[in-house]
1. Which FRET efficiency value, to the nearest 0.05, do you get for L154 and K33 by plugging their Cβ-Cβ distance into 1/(1 + (r/R0)^6) with R0 = 22 Å?
2. Could you tell me which residue out of G120, T151, F100 lies farthest along the dipole of segment 87-159 toward its positive end? Charges go on the beta carbon: Lys and Arg +1, Asp and Glu -1, centred on the Cα centre.
3. Taking the convex hull of the Cα atoms, report for segment 56-132 its projected area averaged over all directions, in nm².
4. Expressed in nm², what is the orientationally averaged projection area of the convex hull enclosing the Cα positions of segment 32-183?
5. I need the calculated FRET efficiency for the pair Y107 and N184, taking r as the beta carbon distance and R₀ as 25 Å, to the nearest 0.05.
6. Could you work out how far apart the two model spin labels at L44 and I60 are, taking each label as a point 7 Å from the Cα in the direction of the beta carbon, and quote it in nm?
7. If you add up the charges near W193, with Lys and Arg at +1 and Asp and Glu at -1, over every other residue whose beta carbon is less than 15 angstrom from its beta carbon, what do you get?
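No value in this document is a laboratory result; all are computed from the given coordinates. Please read all numbers here as calculations on a predicted model, not as lab measurements. Here the Cβ positions follow ideal geometry from the backbone for every residue, glycine too, while neighbour counts run over all protein chains shown.
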Amino acid sequence: MQKRILFLGFIVLLVASTLQLKAQYAKTDSTSKRWFIGSTLFLLGNLSTTNPPNFVQLNIGYRITAKDVISFEPKTWKYAWPNGINPIFNRSYGKAEEKFPGYVREYGISAVYQRFVWKGIYTELNVMPTLQVFKNEQGRKIDNGFQIFNTYRLGYHIKLLKDKFFIQPSIAVTHRAYHTKLPNGFKELDDKWSKFVFGEPGFHFGFNF
């Protein structure tokens, strides 16, 4: 259910936004509104009745120039399957035999740099150190951990309502660049999967001020 909600929401908004690309992006860019706040469509995953991630994210950004943007993204979520399984395209996600003997709660802050390369097309480097709390099936803490989780993103920035709002559909490669040793039971399942996940969709939105 969670995968379907996220994927359906992503497709609907992407199709709707592409209908107005020409109307929303001017030939020249402006940095009159340098600051923005926002979040991500993945918040819809919290509506799932099966293993909701209890996901929270806030994006706070600043446009240095028309082409260079930096932002910070404090976030927290929990998950019970290895990060190496694509939650949308890999059918192993959600299967009982791949589930951790508990779950992981993470707290992180991403440092993000975006570079606009042509009109609304941008590339992004997202580096996120996270603190991990491993819990068993009863919700009791069994260990702590640390992870560096990178995201390499290609996206499109779409202005809405005279640049008061924007949306950014994207596609990404995620990379678990480093993490401490996982507890027994978690490690065996995590070791089965790649440190990279390809083709992960993204959909950020925000308000300029």
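1. 0.40
2. Result: G120.
3. For segment 56-132, the mean projected area of the Cα convex hull comes to 6.4 nm².
4. Numbers: hull surface 39.4 nm².
If I average the Cα hull's projected area over directions, I get 9.8 nm².
5. Working: r = 23 Å, r/R0 = 0.91.
Plugging the Cβ-Cβ distance into 1/(1 + (r/R0)^6) gives 0.65.
6. 2.8 nm
7. Local charge sum for W193: +1.
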